[in-house]
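Okay, so here's the structure we're looking at.
Laboratory data are not the source of any read-out in this text; all were calculated from the coordinates shown. Computed from a prediction, not measured in an experiment: that's the story for all the values here. For neighbour counting, all protein chains shown are included, and Cβ atoms are generated from backbone atoms with ideal geometry for every residue, glycine included.
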Amino acid sequence: MIHYHKKVFRPVQNSENGETNEQTLFYYEQEGNILTASYAGGAIVKGQLIGLVDTDGTIEMRYQQINQSGQLMTGKCVSKPEILKNGKIRLHEDWEWTSGDHSKGQSIIEEV
């Protein structure tokens, strides 16, 4: 089972309608199969997420964040892991805003 405790991730790719970028850092914590993270940077002033990790390392999560425009945004995401040759984790994410325009997108984040 993949364990995300104390790992830091940075976006390397995001859809145009996303708010995270390479300046955003995600700090993951995990207890059992419960995952939490705080994040900030770029267009994000402060963000938090909570999720569940299944046996293959896939994460189902919900997130909330305040952007530089002062908007509170919320969404849901499924992240599927890939282990890179250097042993680091890359997460392939399919997400959807549950606020704003309710659009969908895809992103990739990698362990720093």
Worksheet item: What ³J(HN,Hα) values, in whole Hz, does the Karplus curve 6.51 cos²θ - 1.76 cosθ + 1.60 give for the stretch 41-58 when θ = phi - 60°, with x put for Gly and Pro?
Response: x, x, 7, 9, 6, 7, x, 9, 9, 9, x, 10, 9, 8, 5, 9, x, 5
Worksheet item: Could you list, bin by bin from short to long, the percent of Cα-Cα pairs of the chain in 10 Å steps?
Response: 15, 53, 28, 4
Practice prompt. Report the charge-dipole magnitude of the stretch 8-111 in Debye, nearest 20, computed about the Cα centre from +1 at each Lys and Arg Cβ and -1 at each Asp and Glu Cβ.
Written response: 160 debye
Fill in: R0 of 30 Å, Cβ-Cβ distance GLN71-GLN106: FRET efficiency to nearest 0.05
0.90
